[in-house]
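Input: a single structure, listed below in structure tokens.
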Amino acid sequence: MRILSERMRAVRITRHGGPEVLEMTEVPVPVPGAGEALVRVAAVALNNTDLWTREGAYGRPGDPEARSGWRGPVAFPRIQGADVAGRVEAVGPGGDAGLVGRRVVVDPALYDGDGPDAHPVGLMGSERDGGYAEFVVAPLERLHDVTGSPLTDDQLASLPTAYGTALGMIERGRVREGETVLVTGASGGVGLAAVQIARARGARVVAVSSGPKTDAVREAGAHAVVDRAGDVVAGLRAAAPEGVDVALDVVAGDLVREGVPLLREGGRWVIAGALGGYEVALDVRRLYLHNAQVIGSAMHTPAHFDLLMDMARRAAVAPVVAATYPLEEAARAQEELARREHVGKIVLHPGEPAAR
């Protein structure tokens, strides 16, 4: 195995905090071990997980205010970035040399087992180093060959966390053709992905978004869009007078209490985020009297990710890329992400130095 460079540029965090804790540095290129590959990063997409891991905002069981990464304390220093598209640069001892040069997407999840339905219990960029760097090491079984995909590197990098999370919600919520599906936070990465995939499955999609982003959400496939600045529940009742079969929710907070009564008999409310707050008060009678379910959904399973990569190879989804930045501007990119004024994904290009 021959690696062309011994050192690489990377952006990492050494403590929790604001964008100022992101530091541009130079570190040794990681060396893949047995069962691993070294990937040259062409594009790495940003996610809310980057912000919350940097801030330590995930809490821990029994201590919701504790500083924590995605699933526990962060081992600093940590290179951020879960969503990587690139090319295989080298493989570890015993690996298939035929993979070198192949275009790949990395499944960023760390699973609790080897089966197709294993649960994600860690995330690249939080529990292990990620793709805010020129190179990243990943397990061979987490590489997905997309060499023939017509999607761009930026679009491929936009898939793993946002589209993986959306597909996980859709699968766990058992979305079926002809059902009415509510998508909250519909202009964000996960929300826009949920709109596209649910529409592709033949669902009628009712989305919640801000007024200025309505057209973009409709273009992604929403049949109706409710402005979150108004009376959301009244808007949803008007858009879905017969009720909602499945809610795909990344907002939570008061919307859960207000929205669960909108579920039809046997409805499912799937939660994969807490942009509106993590504490929820709920009239549980609306659950047991109507055989409704509230389902937690953290990312995807290996089986879900396989489905997503099949979609990527066929370009069955087309991620929207809002902006791109060179690696040196990772802090600026995260600040733009936090403002939530964009539609689609923000992507870093580690191999593209900032203009001088």
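The values are calculated or read from the model by the stated rules, or taken from the named source; none is laboratory data. All of these numbers come straight from a predicted model, not from anything done at the bench. Cβ: placed from backbone, ideal geometry, glycine included. Neighbour counts: every protein chain shown. Only protein heavy atoms, including side chains, enter the accessible area calculation; ligands, DNA and RNA are left aside. Shrake-Rupley method; radii C 1.70, N 1.55, O 1.52, S 1.80 Å.
Annotations for the structure displayed:
- The share of Cα pairs per 5 Å bin across the range 1-160, counted from zero up to the longest distance, runs 2, 10, 18, 20, 20, 16, 9, 4, 1, 0 percent.
- Working note: Karplus 6.51/-1.76/1.60 with θ = phi - 60° gives the range 267-280 the couplings x, 10, 10, 9, 10, 9, x, 9, 4, x, x, 9, 9, 10 Hz, where Gly and Pro are set to x.
- 17 Å reach of a label modelled at Asp112, 7 Å along Cα-to-Cβ, counting backbone N of the range 125-147: 127
- Relative to the current alpha-carbon distance between Val280 and Glu328, full extension at 0.36 nm per residue lengthens the span by 13.4 nm.
- Each Cα pair under 8 Å and six or more residues apart adds its sequence gap; the mean of these over the residue count of the chain is a relative contact order of 18 percent.
- Reported value for the chain: 134 Å³ per residue, from the convex hull of its C-alpha atoms.
- GluC sites (Glu not before Pro) restricted to DSSP loop in the range 133-187 with at most 10 other C-beta within 10 Å: Glu177
- Accessible area (Å², 1.4 Å probe, nearest 10) - Asp145: 60 Å²
- Each label point was placed 7 Å from the Cα along the Cα-to-Cβ direction; for His119 and Leu289 their separation is 3.1 nm.
- Put a dot 7 Å past the Cα of Ala318, heading toward its Cβ, do the same for Arg15, and the two dots end up 4.7 nm apart.
- A crude spin-label estimate for the pair Ala303 and Met24, with each label 7 Å from Cα along the Cβ direction, gives 4.5 nm.
- Amide hydrogen neighbours beyond the local backbone of Val29, cut-off 5 Å, H modeled: Arg7, Met8
- Using a probe radius of 1.4 angstrom, the carbon and sulfur fraction of the accessible surface of the chain is 49%.
- In a DSSP loop and with at most 14 other Cβ atoms within 10 Å, the trypsin sites (Lys or Arg not before Pro) in the range 1-68 are Arg2, Arg15.
- Calculated FRET value between Ala75 and Glu6, using beta carbons and R₀ = 35 Å, to 0.05: 0.90
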